[in-house]
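Please read the structure below before turning to the comments.
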Amino acid sequence: MPLEILLVLVVVGISGIGLMLHLTGRSRMRVLTHDLAWQDWLRHFPDDDVVDVTVSHDGHFALIRTTEVAGLLWSFGADTAARHLLDFDWLEHPEGFEILFHDFSIPRVIVRLDETERRHWRHLLDPV
């Protein structure tokens, strides 16, 4: 098969898959509820004992408190990502907070919060 035809087939195939995923709603950000955040955290860290879950108003971030340490869960496309808040810095950001992880695999996350949430999350993160 000529390279030009193969290239067209690959480009059209990948574009078609992307379009199909978008049209079926698989490209939307996952919206978290209290129960979904709890379940997703336990999927990432099954040995943790979750004490409390605080979900942001937009449903894209959740602050998870366990018996050991707090953690952050956030929407990452149609799935979630999660990290324990062990070695991190948090900075004020115009949209909420910027969490700087001391980990090269996920350097930073901007947590978008309104002013009320910002005060509440700041209170929850201070003791950490």
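The values are calculated or read from the model by the stated rules, or taken from the named source; none is laboratory data. Remember, it's a predicted structure, so these values are computed and weren't measured experimentally. When we count neighbours, we look across all protein chains shown, and the Cβ atoms used for this are built from the backbone with ideal geometry, even at glycine. These area figures cover heavy atoms from the full protein model, side chains too; ligands, DNA and RNA do not enter into them. Shrake-Rupley method; radii C 1.70, N 1.55, O 1.52, S 1.80 Å.
Among the residues of the range 51-62, are any among the aliphatic types (A, V, I, L, M) and under 18 Å from I106 (Cα atoms)?
For the range 51-62, residues among the aliphatic types (A, V, I, L, M) and under 18 Å from I106 (Cα atoms): present.
Do you know which residues across the range 101-128 are in a loop (DSSP other than H, G, I, E, B) and either in contact (Cβ under 8 Å) with a residue 24 or more places away in the chain or surrounded by 14 or more Cβ atoms within 10 Å (Cβ to Cβ) (or both)?
I106, L113, D114, V128
Conditions (1) aliphatic (A, V, I, L, M); (2) closer than 19 Å to D52 by Cβ; (3) within 13 Å of the chain's Cα centre (by Cα), marked per residue:
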{"residue": "L85", "(1), (2), (3)": "yes, yes, no"}
{"residue": "H93", "(1), (2), (3)": "no, no, no"}
{"residue": "I99", "(1), (2), (3)": "yes, yes, yes"}
{"residue": "R108", "(1), (2), (3)": "no, no, yes"}
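May I ask you to list the residues in the range 17-26 that are at positive phi and open to solvent by 100 Å² or more (accessible area, probe 1.4 Å)?
None - no residue of the range 17-26 is at positive phi and open to solvent by 100 Å² or more (accessible area, probe 1.4 Å), so the list stays empty.
Quick grid of which residues meet (1) assigned to a loop (DSSP other than H, G, I, E, B); (2) in contact (Cβ under 8 Å) with a residue 24 or more places away in the chain; (3) buried (at least 19 other Cβ atoms within 10 Å of the Cβ):
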site	(1), (2), (3)
R28	yes, yes, no
L32	yes, yes, yes
A37	no, yes, yes
L42	no, no, no
D48	yes, no, no
G59	yes, yes, no
E68	yes, no, no
T80	no, yes, yes
E92	no, no, no
